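Note sheet for the following structure.
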């Protein structure tokens, strides 16, 4: 499943904490075990260019194949005790719940790392698509090529967490290298799937102007200038107690990123800048946001700016 390529003796569990060798077969220990189930604004994922203003049923389980020392969901991604449960939410039941919720566009696999929940995610996603629902995966993107090819086949939109653009920093804060994540981003982009990227800005680790230049140049050249980038402000969490990212750092980095990419947003940060979607050609606001809410959406049913006709990246065509 993932580049760790854990070699497991009988009864041993992988680094993700969710897959165990049982009788010579590596199986999912968390199949259908739910840690969280909630109807969220799509902007909370964050996905700003995929059905803006809509809601999506979000579901997660336990475990992660990264060990980030700042994880905001560490109580489910890195539980100290092995999760035991006889309460399995079968894929059919999850789809029933998704269909029952008024205004829901589909299912988001999120909260912990969905890659390690592959079997359950695949079964649910295929059922969802048969019912006309859309599917979203919020992931760190640390996954091998073969399973990712399958995932691309049943997931409609992705937000991938690009934690740094330095391999050294990546290994320091998450325990893995950057190259598999870059490969995942390229595969998703090359497949034409909807893709947005998030980077949490941590003081002293990935907040330099030089690193942001390198990251955004790579995104622009390898993925495209229209890929939305979310720069999220760090707050102390889990094992990391550094002070929050200074406001002036966030403002400096969004300026750098915006010089290379058409759509850059700020998260966990109250600011007029980095909140709305602005047409890169005529500079008019096409989507105005307040927190996770969309107050105004001014794109036509082909996903274009109504003022100048510029195609705004994303799935706005489905709004009609």
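A simple spin-label model places the labels of residue 144 and residue 99 3.5 nm from each other, with each point 7 Å out along Cα-to-Cβ.
Per the helix-only calculation at 222 nm, which mean residue ellipticity applies to the chain, given -39500 (n - 2.57) for every DSSP H run of n ≥ 4 and division by its residues, nearest 500 deg cm²/dmol?
Working: 8 runs with 79 residues, N = 320.
Dividing the helical sum by the residues of the chain leaves -7000 deg cm²/dmol.
How far, in degrees from 0 to 90, does helix 179-190 lean away from the longest principal axis of the Cα atoms of the chain, to the nearest 10? The angle comes out near 60 degrees.
Here r is the Cβ-Cβ distance between residue 131 and residue 37 and R0 is 22 Å; the resulting FRET efficiency, rounded to 0.05, is 0.80. Taking the square roots of five times each eigenvalue of the Cα gyration tensor of the stretch 162-302, the equivalent ellipsoid has semi-axes of 25, 20, 13 Å, listed largest first. What separates the Cα centres of the stretch 206-255 and the stretch 150-175 is a distance of 14 Å.
Given the peptides 18-25, 30-37, arrange them by the average over their residues of other C-beta atoms within 10 Å, most packed first. Kindly include the intermediate steps, with their values, before the conclusion.
Numbers: 18-25: 15.1, 30-37: 18.0.
Listed from highest to lowest mean packing, they are 30-37, 18-25.
Once the Cα-Cα distance is subtracted from the 0.36 nm per residue extended length, the residue 255 to residue 75 segment shows a gain of 61.4 nm.
For residue 248 and residue 308, what is the calculated FRET efficiency with R₀ set at 22 Å and r taken between the beta-carbons, to the nearest 0.05?
Working: r = 33 Å, r/R0 = 1.49.
After rounding to 0.05, the efficiency reads 0.10.
Once you have the Cα-Cα distance between residue 87 and residue 300, take 0.36 nm times their residue separation minus that, and quote the gain in nm to one decimal.
Values: separation 213, 0.36 × 213 = 76.68 nm, distance 4.44 nm.
Extra length available between residue 87 and residue 300 comes to 72.2 nm.
Ranked highest first by the average count of other Cβ atoms within 10 Å around their residues, in what order do 163-176, 52-65 fall? Don't skip to the end; give the middle numbers.
Values: 163-176: 18.4, 52-65: 23.6.
Packing proxy ranking, top to bottom: 52-65, 163-176.
Projected label points at residue 13 and residue 293, each 7 Å from Cα along the beta carbon direction, are separated by 4.1 nanometres. Between residue 240 and residue 271, the simple spin-label model (points 7 angstrom out along Cα→Cβ) gives 1.8 nm.
Mean-square fluctuations from a GNM of the chain, with a 10 angstrom spring cutoff on Cα atoms, peak among 96, 145, 119 at 96. Rg over Rh for the stretch 1-48 works out to 1.18, both radii taken from alpha-carbon positions and Rh defined as the Kirkwood radius. To the nearest ten degrees, helix 91-100 and the longest principal axis of the Cα atoms of the chain are 30 degrees apart. For the stretch 32-275, the fraction of C-alpha pairs more than 34 angstrom apart is 12%.
Pairs of alpha carbons in the stretch 12-146 separated by more than 22 Å make up 36% of all such pairs. Helix 209-218 versus the longest principal axis of the chain: what is the Cα-based angle in degrees, 0 to 90, to the nearest 10? Helix 209-218 and the main axis of the chain meet at about 80 degrees.
Laboratory data are not the source of any read-out in this text; all were calculated from the coordinates shown. The shown structure was predicted, so the numbers you read here are calculated from the model rather than taken from an experiment. No Cβ is skipped: glycine too gets one built from the backbone with ideal geometry, and neighbour counts run over all protein chains shown.
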